[in-house]
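These notes concern the structure reproduced below.
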Amino acid sequence: MSPSHSPLEEIFAAHIQTLALTLRPTTVSEYRHVARGFLDYLRGSFPQLRRLSQLRRDPHLLGWLCRLGEHHPPLCNKTRINRLIALRRLLEDLAANGHPIQPGLIRRDDFPPPPKYLPRPLSPEDDRLLQQELRRTDDLFANALLLMRATGIRIGECIDLALDCLCQLDLDQWALHVPIGKLHTERLLPADPDVRQWVARILALRAQAPPAHLANSEGLFLPRAVGRPRYAQILRAALADAGKRAGCSCHVTPHRLRHSFATEMLRLGVSLPALRQLMGHHDIRMTLRYLEVTQPDLQREFHLARQNASQPHRVPVIAAPRQPARADLPGIRQAIAATRYLLGMFRRQLGDEKTRRKLQRLDRRLLDVAHQLDQIT
């Protein structure tokens, strides 16, 4: 925005320039786009408005909301929600910085209902055919896509993987280090033998890449001779072509691989908190959007629950401690441990808090006796 623009544009431009110090370039571009559209509307409909203190909900903000609803082609609810959130953030920031802006210009009821997307995993048959085709192709792109399917990582996270992304945590524990990405977080994903095999295959294919590709992607896991956005387009096109060759019944996208990974993990018994970490989500509600619970899943879970409900609940029986075979120090130590266990079980069944505290003090005395026996031993 040049200095010849109105004072409102200069104020918005200066604040967005401040946001650029901490936000991603794509996010800053979205703020600029929303601010430009709002200011263009004010300039065309209310040319006399020159100061932020003149902004009113009616007619300025309500008129802009009507303009969003009349957009051609129509804007989806998700886009309208994002623009409202961006403009509200800008107005709240300017008000916090001392600009005289009336509160409540954008209210909760201004937001349209958010869209409810259905999960879009591949069908089991399409998933099988696609993986078979990728294994048959066995080039750099195919192995990268197989790695995405096996770990559920985003396409941007796959492109940004470092050359040393596979790290060993323990003797038999390996993990794939996913760098800081969309949600400004990084994570370690468990790497089974299949994942390690694909990583090794990609490294072998990487060594055969042209020197120009390797020079342009130093330190990166996937070599490329083009920029990051263009490389993502090439990877998406390679996945779509593989889906067509495999005979899949739908258009295959990288996000469908992510949906398929989440649904598969749920069916294999992974809990929702663990799945949230595997997916790299901040909110478990986002994880739920990726899951497809089919009718066979419902049937299996229902009948399993009914089987468990038909079994009577059994109260554990407290067995008396066995007498030691010999009166030696290990036998006495074992008897004390058994007595402490029985005291703990009995204490948890009592409702009298005073008696429970007495038993707890007695347990501490037995623990002291056990420590003294350990010193004697």
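Only the coordinates and a few stated rules stand behind these numbers; no lab work does. A quick note: this is a predicted structure, and the numbers were derived from the prediction, not measured. Using ideal geometry, Cβ is built from the backbone for each residue, glycine included, and neighbour counts are taken over all protein chains shown.
Apply the Karplus curve 6.51 cos²θ - 1.76 cosθ + 1.60, θ = phi - 60°, to the phi angles in the stretch 45-51 and return the couplings in whole Hz, x for Gly and Pro.
These are the phi-based 3J(HN,Hα) values: 9, 9, x, 7, 7, 10, 10 Hz.
Amide H neighbours of Arg56 under 5 Å, at least 5 residues apart or on other chains, H built in the peptide plane: list them.
Leu61
Non-local amide H neighbours of Trp174 (under 5 Å, H modeled in plane, Pro and chain starts lacking H): which ones?
For Trp174, whose amide H was placed from the backbone, the distant partners under 5 Å are Leu169, Ala191.
So what does the Cα-only Debye profile of the stretch 1-143 read at q = 0.16, 0.17 Å⁻¹, as log10 I(q)/I(0), no solvent term?
Listed by q, the Debye log ratios stand at -0.88, -0.97.
Debye calculation, C-alpha points only, no solvent: report log10 I(q)/I(0) for the stretch 61-182 at q = 0.09, 0.12, 0.17, 0.18 Å⁻¹, in the same order as the q values.
-0.55, -0.78, -0.95, -1.00
Under a Cβ-Cβ cut-off of 13 Å, what is the net charge of the residues other than Gln375 that fall near it, where Lys and Arg count +1 and Asp and Glu count -1? Write out the running numbers ahead of the final one.
On the way: positive: Arg333; negative: Asp368, Asp374.
Once positives and negatives cancel, what remains is -1.
Subtract the Cα-Cα distance of His184 and Gln208 from 0.36 nm times their separation in residues, and report this length gain in nm to one decimal.
Extending this stretch completely gives an extra 5.4 nm.
Under 19 Å from the Cα of Lys78, which aspartates and glutamates turn up, not counting those fewer than eight places away in the same chain?
Glu30, Glu70, Asp109, Asp110, Asp283
Rounded, prolate or oblate: which fits the stretch 124-295, taking a ≥ b ≥ c as square roots of the Cα gyration tensor eigenvalues, rounded meaning a/c under 1.5, else prolate when a/b beats b/c?
Numbers: a/c = 1.60, a/b = 1.21, b/c = 1.33.
Note, shape of the stretch 124-295 comes out oblate.
Give the separation of the Cα centroids, the stretch 356-377 to the stretch 157-177, in Å.
Cα centres, the stretch 356-377 to the stretch 157-177: 47 Å.
Which of the trypsin sites (Lys or Arg not before Pro) found in the stretch 47-154 are in a DSSP loop and have at most 15 neighbouring Cβ atoms, other than their own, within 10 Å? Don't skip to the end; give the middle numbers.
Values: sites: Arg50, Arg51, Arg56, Arg57, Arg67, Lys78, Arg80, Arg83, Arg88, Arg89, Arg107, Arg108, Lys116, Arg128, Arg135, Arg136, Arg149, Arg154; in loops: Arg50, Arg51, Arg56, Arg107, Lys116, Arg154.
Those satisfying the criteria are Arg50, Arg51, Arg56, Arg107, Lys116.
Can you sort Met148, Met286 from fewest to most other Cβ atoms within 10 Å of each residue's own Cβ? Don't skip to the end; give the middle numbers.
On the way: Met148 21, Met286 13.
With the fewest neighbours first, Met148, Met286 line up as Met286, Met148.
How large are Rg and Dmax for the chain when calculated on the C-alpha trace, in angstrom?
Rg then Dmax for the chain, in Å: 31.0, 100.
Test of understanding: what is the full-extension gain from Gln197 to Arg361, defined as 0.36 nm times their sequence separation minus their Cα-Cα distance?
Numbers: separation 164, 0.36 × 164 = 59.04 nm, distance 5.66 nm.
Result for the pair: 53.4 nm of gain on full extension.
Which FRET efficiency value, to the nearest 0.05, is calculated for Ser271 and Glu70 with the Förster distance at 51 angstrom and r the Cβ-Cβ distance? Write down the numbers at each step before the final one.
Values: r = 46 Å, r/R0 = 0.91.
Computed FRET efficiency for Ser271 and Glu70: 0.65.
For Thr18 and Met286, compute 0.36 nm times the residue count separating them, minus their Cα-Cα distance, and round to one decimal in nm. Numbers along the way, then the final one.
Numbers: separation 268, 0.36 × 268 = 96.48 nm, distance 2.99 nm.
Between Thr18 and Met286, full extension yields 93.5 nm more.
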